[in-house]
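Let me begin by presenting the structure, written as structure tokens, before commenting on it.
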Amino acid sequence: MLIDSHTHLELSEFDSDREDVIKRAKESGVEHIVTVGINLKDSRNAVALAERYDNIYASVGVHPHDAKSIDETTYDSLKKLSESDRVVAYGEIGLDFFRNLSPGDLQVKRFGEQLELAGELGLPVIIHDREAHREIVEMLKGWKSYSVGVIHCFSGDYDMAVKCLDMGFYISIPGTITYRKSETLRDVVRKIPIDRLLVETDCPYLSPEPKRGKRNEPANVVYTARKVAQVKGLSFEDVAMITSENTRNLFKMKAAVL
Ligand code: NI
């Protein structure tokens, strides 16, 4: 049994066959799926989805791309949404200095505010970091209402991974670990303890080999776990079991009743 710790199943990319996608995940042994909001509207859809399916949980928050969409009512609405017992995390939040779809200084401001809001709500955070490793580590160090969290789709090196682990964070590994050029990521996975790793698809994005170029979906988290097992010299079953347990611990999710 596996858990896909980071998906965007609520997005319109899945509107035509969401039911089938969820069914295929189950058939592939994916026991739970966390579907992650990227703005207020999308967070609402994520929670609605989680309320419809037993095996889906939700996270709410505003992605750095959408930082400019935050107005004076956004945080109150997100707080309200987070009252659902299907909400297990706050995010995804963070910094993206690669695409810069919102201005950098605004991203920093909104990230700081949302860290404090998550702490106040007692929720673990899901962090997005693209080309902002140093700034992310600095801001997490300055997080006053600290709870805990995960660096999703980890793209840093071993040095950054150690800094995150030292702060109590988990590291989530996407399907890109299967790409030929992802040697830095495989190096991180090789060196850090398995009890701090999660696996994810980030679907509909980042399809692993051999599905590259197609829409991604939770069933494909199997390829990531298989690669992690190979890199760490562990069995697939151990990686599935331990990463699932890590995810349940972080997000305080109950184990599936079999
Ligand atoms: Ni994402």
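The values are calculated or read from the model by the stated rules, or taken from the named source; none is laboratory data. Quantities reported herein were computed from a predicted structural model and do not represent experimental measurements. Cβ atoms come from the backbone with ideal geometry, glycine included; neighbour counts cover every protein chain shown. Surface accessibility is based on the protein's heavy atoms, side chains included, excluding ligands, DNA and RNA. Shrake-Rupley method; radii C 1.70, N 1.55, O 1.52, S 1.80 Å.
Taking residue 66, is it open to solvent by 30 Å² or more (accessible area, probe 1.4 Å) and more than 13 Å from the ligand (Cβ to nearest atom)?
When the stated conditions are applied, residue 66 does not pass them.
Can you report the number of residues in segment 211-255 which are outside any helix (DSSP H, G or I), more than 22 Å from residue 90 (Cα to Cα) and open to solvent by 20 Å² or more (accessible area, probe 1.4 Å)?
8
Quick check on residue 42: is it open to solvent by less than 30 Å² (accessible area, probe 1.4 Å), modelled with pLDDT of 95 or more and either among the acidic types (Asp, Glu) or within 16 Å of the ligand (Cβ to nearest atom) (or both)?
When the stated conditions are applied, residue 42 passes them.
Which number in (1) buried (at least 24 other Cβ atoms within 10 Å of the Cβ); (2) farther than 25 Å from residue 253 by Cβ; (3) not aliphatic (A, V, I, L, M) marks the one condition that residue 92 misses?
(2)
In the list 173, 194, which residue meets the criterion of being within 16 Å of the chain's Cα centre (by Cα), free of Cβ contacts under 8 Å to residues at least 60 places away in the same chain and at negative phi?
173
Which residues, counting only those in segment 200-258, are without any contact (Cβ under 8 Å) to a residue 12 or more places away in the chain and β-branched (Val, Ile, Thr)?
257
What number of residues in segment 147-199 are touching a strand residue (DSSP E or B) at 6+ places or on another chain (Cβ under 6 Å) and among the charged types (D, E, K, R)?
Selection size over segment 147-199: 1.
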